[in-house]
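Working notes, beginning with the structure itself.
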């Protein structure tokens with residue numbers, strides 16, 4: 001998994017061909033809007049397919065912030 005703090009996370013699926021060589025599939029998008037990724041790690045679960053965990057912070061939309069400010073200012 002490749003993650004970026006700014007905007008995008010991409011997941012690259014790794015497989016093995018008939019001769020045992022690793023192959024990489026096309027990247028899959030795994031991002032969410034209004035989210036800052038603080039850290040991404042691989043979690044060993046004892047199986048062939050790993051699990052990835054991301055520590056993310058989802059911040060409010062700009063319109064939500066403006067609505068909250070206008071209600072406290074009034």
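The values are calculated or read from the model by the stated rules, or taken from the named source; none is laboratory data. Since the structure is predicted, the reported quantities are computational estimates derived from the model, not experimental observations. All Cβ positions, even for glycine, are placed from backbone atoms using ideal geometry, and neighbour counts span all protein chains on display.
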Return the pair list, or none, for Cβ contacts closer than 7 Å from residues in the stretch 14-25 that are modelled with pLDDT under 85 to residues that are in a loop (DSSP other than H, G, I, E, B) and surrounded by 10 or more Cβ atoms within 10 Å (Cβ to Cβ), at least 6 apart or on different chains. 15/25; 24/12; 25/12; 25/13
For the stretch 48-66, does any single residue satisfy the condition of being modelled with pLDDT of 75 or more, out of contact with any strand residue (DSSP E or B) (no Cβ under 8 Å at 6 or more places or on another chain) and exposed (fewer than 10 other Cβ atoms within 10 Å of the Cβ)? no
Of the conditions (1) within 18 Å of the chain's Cα centre (by Cα); (2) loosely packed, with under 11 Cβ neighbours inside 10 Å; (3) modelled with pLDDT under 80, residue 31 fails just one. Which one is it? (2)
